[in-house]
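The values are calculated or read from the model by the stated rules, or taken from the named source; none is laboratory data. Since the model is a prediction, treat every value here as computed from it, not as a measurement. So basically every Cβ, Gly included, is an ideal-geometry build from the backbone, and we count neighbours across all protein chains shown.
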Amino acid sequence: MSLSTSSITRGGNTMRRVLIAVAIIAAFGLGLVLRGGGDAPTSNEVHGQEDHAAETTWTCSMHPHIKLPKPGKCPICFMDLIPLDSGGDEEGLSPSTLVLSESAAALAEIQTAVVERRRAKARVRLIGKVDFDETLYKSIAAWVPGRIDTLFVDFTGTEVKRGQRLVSLYSPELYAAQTELLNAIQANRDLQASRDSLMRSTAAATVTSARERLRLWGLDSARIRQIEQSGQARHHMDITSPLGGVVIHKKAVEGMYVKTGSPIYTVADLSRVWVTLDAYESDLVWLKEGQNIDFSVEAVPGRRFQGTITFIDPVLNNRTRTTMVRLNVDNSERLLKPGMFVNANVEAEVLGGHAGQDGGNMPLVIPASAPLITGKRAVVYVRLPESDKPAFEGREVVLGPRAGDSYIVISGLSEGEQVVTKGNFKIDSALQIQAKPSMMNPTGGGPVPGHNHGGSPARGTSSETMEMPSETGPTASFDAPEEFRAQLGAVLKSYLNLQAALAADDQAAAGAAAGSAGDALSAVDMTLVDGEGHMAWMKDEKLLRDSFAAVAGAAGIEVQREHLLGLTGQLWNTLRRFGYSQDDPVRLFNCPMADGGNGGDWIQLETTTANPYFGAAMLLCGDQTDSLVTSESRKEG
């Protein structure tokens, strides 16, 4: 008996369906075994899971489409998730208030601290150098023209005492002046018996004039009396030291002729020295005249020295954006030598609004982790005590200087209020998701800011079809020599140190890195490039120098971060224009949350995001948008 083709096909299809069903049942059973049992969840368990899921939904402030039933990390940017379900609003609360359920507040790990009045102390680090005390620094010059016959001190570094002979000077003019004095004295004696009073007074005046002339030429009263008593003029005169100290310069040699005013020696008394320190604008609030400062030098490890502030320069240095602070320091042990570098520490406090002042009202102080600072705004979240549920109100405050782990509050808070110190960014993110007023969006409303994880570049980023803004126009490439690219690589290295310091929330290190970048720019030899490349570098160099100087002199880390915005774009274009010497390629990153939601770029080496605009608060916020290869790779390509 034969079977038709259609019958065979139907039979095969039926068999395949049976096998697929068996495989699904087997996989389901295997899953139950791996889970530890095959019992189906009870209705109570199902309802419990549904209640828990409905209780709190967790999302990411950067990626609102992420919704998970429990807290953890965002699978995209690895930021902490925040509760989406706020527990509902309450009547009578401001638009910037977030109300959470008790369970949501506990899961968000929100912590608060009390706003209190207390002493605000800070430790400020300053750098500087040892210098001569200008009041104990003398230049010894010839008072009369003549010839140096003998140098009693013939090399620098010699210790001299006050009144010690330094030079024997032969001076015909001085000899003539002594002779005139002796002749005037003899004429005065001869006219003492004269009856003409006019002649006697004239002779006496001549003697006085001759003595004064010798005194003005450097002879003291004792030496003039010695000439008068001996009755003999001397061909040579000795030049003595006006103070005890060390000869630090020797201008003359034996046998040379000098004119009136020609410098011969410079002597400095090193028993007391000055220490000059560079203070940024943000440091000045902690400094005042009469304040004691301790410091150290590398030449004497383990030893701390002390000095007193005697002068604060009233003028700011426009190039470094620093002010000179001078200390008077006792150096009787001669351990400090002019030119030594100094690392100083200032222990100061703000009391009644002024550093180091005694008496007055204690300032309002909050922990440094409480305020969210962006640009020129600072926002804190205050827990409302009258609310039945955990409620947190956003409030803009005016901050004073940072004092260690605290900020001084000028206005916006009252003593006894509770501010959020942990979880404040989660609260702010929840307000952003709900389009309420927040740190990034003071007025509320509008779209929720988010990351650009692909597609077109974010604002301010570069690509092959999109140029970054620059004063020098489109990024044309120039064939710069390797020496020039190596010097530009040193500038890049200082920038990378600056970026790392800002990502670590280290204002002092960021300022130092910006200062080093200025030094690296000064070392770039512009004569190595010519033509249009030379003109382009001249423009780039000025813009880079101004930007690095602005970062170095910025009053606070947030201002440093503001200046980083323009600096990054200019440096990136310069690197594309000329190339650079660096072992690894550099990468351009962008964070759309920076600059008040406008976005900001930065340059780094590592592939892991290290956000310099928010530091530890949002360290992983950002994506790579571009990269540059090394100069060697450019040449090979």
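Tally the residues that are small (Gly, Ala, Ser) and either touching an Asp or Glu at 6+ places or on another chain (Cβ under 6 Å) or part of a strand (DSSP E or B) (or both), restricting the search to the stretch 163-176.
1
For the stretch 336-368, residues that are at pLDDT 85 or above, under 19 Å from Arg117 (Cβ atoms) and not β-branched (Val, Ile, Thr) total 4. For the stretch 390-411, a residue qualifies if it is modelled with pLDDT of 85 or more, part of a loop (DSSP other than H, G, I, E, B), closer than 20 Å to Ala617 by Cβ and of a type outside the set (Val, Ile, Thr), but none of them does.
Quick one: how many residues across the stretch 177-227 are in a loop (DSSP other than H, G, I, E, B) and closer than 22 Å to Thr240 by Cα?
Within the stretch 177-227, residues that are in a loop (DSSP other than H, G, I, E, B) and closer than 22 Å to Thr240 by Cα number 4.
Considering the stretch 320-335, the residues that are in a strand (DSSP E or B) and among the hydroxyl-bearing types (Ser, Thr, Tyr) include one that is modelled with the highest pLDDT, namely Thr323. Among the residues of the stretch 509-519, are any crowded, with 20+ Cβ neighbours inside 10 Å and not small (Gly, Ala, Ser)? Checking the stretch 509-519: not a single residue is crowded, with 20+ Cβ neighbours inside 10 Å and not small (Gly, Ala, Ser). Which of the residues belonging to the stretch 90-133 are polar (S, T, N, Q), surrounded by 16 or more Cβ atoms within 10 Å (Cβ to Cβ) and more than 21 Å from Glu396 (Cβ to Cβ)? Answer for the stretch 90-133, where residues must be polar (S, T, N, Q), surrounded by 16 or more Cβ atoms within 10 Å (Cβ to Cβ) and more than 21 Å from Glu396 (Cβ to Cβ): just Ser101.
Every listed requirement among (1) more than 17 Å from Ser581 (Cβ to Cβ); (2) at pLDDT 85 or above; (3) among the charged types (D, E, K, R); (4) out of contact with any strand residue (DSSP E or B) (no Cβ under 6 Å at 6 or more places or on another chain) is met by Glu558 save one, (4).
On the stretch given as the stretch 542-565, residues that are within 24 Å of Ser477 (Cα to Cα) and either surrounded by fewer than 18 Cβ atoms within 10 Å (Cβ to Cβ) or of a type in the set (Lys, Arg) (or both) total 3.
(1) in contact with a helix residue (DSSP H, G or I) (Cβ under 8 Å, 6 or more places away or on another chain); (2) modelled with pLDDT of 55 or more: which one isn't true of Glu471, the others all being true? The one condition Glu471 does not meet is (2).
A single member of Met466, Met538 is over 16 Å from the mean Cα position of the chain (by Cα), within 29 Å of Tyr280 (Cβ to Cβ) and at pLDDT below 90, and it is Met538.
Return yes when Pro585 is at pLDDT below 85 and in contact with a strand residue (DSSP E or B) (Cβ under 6 Å, 6 or more places away or on another chain) and no when it is not. Yes: the conditions hold for Pro585. Residues of the stretch 142-198 that are touching a Ser or Thr at 6+ places or on another chain (Cβ under 6 Å), more than 26 Å from Ala210 (Cβ to Cβ) and free of Cβ contacts under 8 Å to residues at least 40 places away in the same chain: none at all. With the structure loaded, tell me whether Gln232 is within 30 Å of Lys337 (Cβ to Cβ), assigned by TED's automatic domain parsing to the domain that holds Val258 and either within 59 Å of the chain's Cα centre (by Cα) or not charged (D, E, K, R) (or both) or whether it fails that test. No, not satisfied.
Within the stretch 102-117, the set of residues being in contact with an Asp or Glu (Cβ under 8 Å, 6 or more places away or on another chain) and aliphatic (A, V, I, L, M) comprises Ala104, Val114, Val115.
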